Amino acid sequence: MPKTEINALMRKAGIAEATVDATIEIDALLQNWRRRAQRRELGHRALVDLGIDMDLAQLDVLVSIEAPQDEFGILSSGETMVATVAERLGIDPSRASRVVSEMVEAGYARRAVSQADARRTIIELTDAGRTIVGAVRAYKFLIMGDFLNSWAPDELTAFLPMLRKFGHWSEHTELGAEKFSEDIAALAAKIATVVKTAPTVETV
């Protein structure tokens, strides 16, 4: 859909002109940020510069075992099991189990008996694993801290609460989808019409 049509649709929905322009620009910035985040440039650089011989999936598992409160929030509490690692990282339990086993074999993690239930096996970091996680986090904070150090104090003061507030925008999805159900139905009908009339590509 052309930008002009998107603008018209949003204005018709009662969204202010300034908000329309800001929404489109913010989305463009987020899409670029997402693509860079998916490449994990900082993470790759940290592993290389620190001389750590592992991939980012393995590092993610170590961080999820350490579970810093500022990264996993309420999911940081309690003992860590393979299922906990899967939940924290949002990955399949079988994948979490495989990578955890790799980290145990490499000496960065170990299995232990739960203090709450002797039948339960938990995962802990070894000193080596804890040192790696700490070093990578320190690397990240040095780089990010140096960048933010160039900001004025009032910029940081204004930015943090706004970022926290913006971080909840995706929770608005269900409410927004219900509010604009007629517009969404019209968009779906348009797609159905285009797909129905699209020429069939013959395979050789």
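Since every read-out is calculated from the coordinates, none of them should be taken as a lab result. These figures come from a predicted structure and were not determined experimentally. Here the Cβ is made from the backbone with ideal geometry for all residues, glycine too, and neighbour counts use every protein chain on show.
In the neighborhood of Pro161, defined by Cβ-to-Cβ distances under 13 Å, what is the net charge if each Lys or Arg adds +1 and each Asp or Glu adds -1?
On the way: positive: Arg164, Lys165; negative: Asp154, Glu155.
Summing Lys/Arg as +1 and Asp/Glu as -1 gives 0.
The alpha carbons of region 151-199 give a radius of gyration and a Dmax of 19.3, 58 Å, in that order. Panel note: the C-alpha atoms of region 85-204, placed on their principal axes, show extents of 62, 53, 40 Å (largest first). Annotation for Ala188 and Glu87: the two label points, set 7 Å from Cα along the Cα-Cβ direction, are 3.3 nm apart. Sequentially through region 36-44, phi angles give Karplus couplings (6.51, -1.76, 1.60; θ = phi - 60°) of 5, 5, 5, 6, 6, 4, 5, x, 4 Hz, Gly and Pro residues having no value and appearing as x. For the chain, the longest principal axis of the Cα atoms and the long axis of helix 181-197 meet at an angle of about 80 degrees.
Here region 12-152 is assigned +1 on the Cβ of each Lys and Arg and -1 on the Cβ of each Asp and Glu. Its dipole about the Cα centre then comes out at about 260 debye.
One quarter of the convex hull surface built on the alpha carbon atoms of region 1-89 amounts to 9.2 nm², the projected area averaged over directions. Between the Cα long axis of helix 153-166 and the first principal axis of the chain there is an angle of about 80°, rounded to the nearest 10.
I need the shape label for region 53-129. Rule: rounded when a/c is under 1.5, else prolate if a/b > b/c, else oblate, with a, b, c from the alpha carbon gyration tensor. Judged from the Cα gyration tensor, region 53-129 comes out rounded (a/c under 1.5). Against the main long axis of the alpha-carbon atoms of the chain, helix 56-66 sits at an angle near 70°.
How big is D for the chain, in µm² s⁻¹ as a whole number, if Stokes-Einstein is applied with the Kirkwood radius of its Cα pairs at 4 °C and 1.567 mPa s? For the chosen part, D equals 61 µm²/s.
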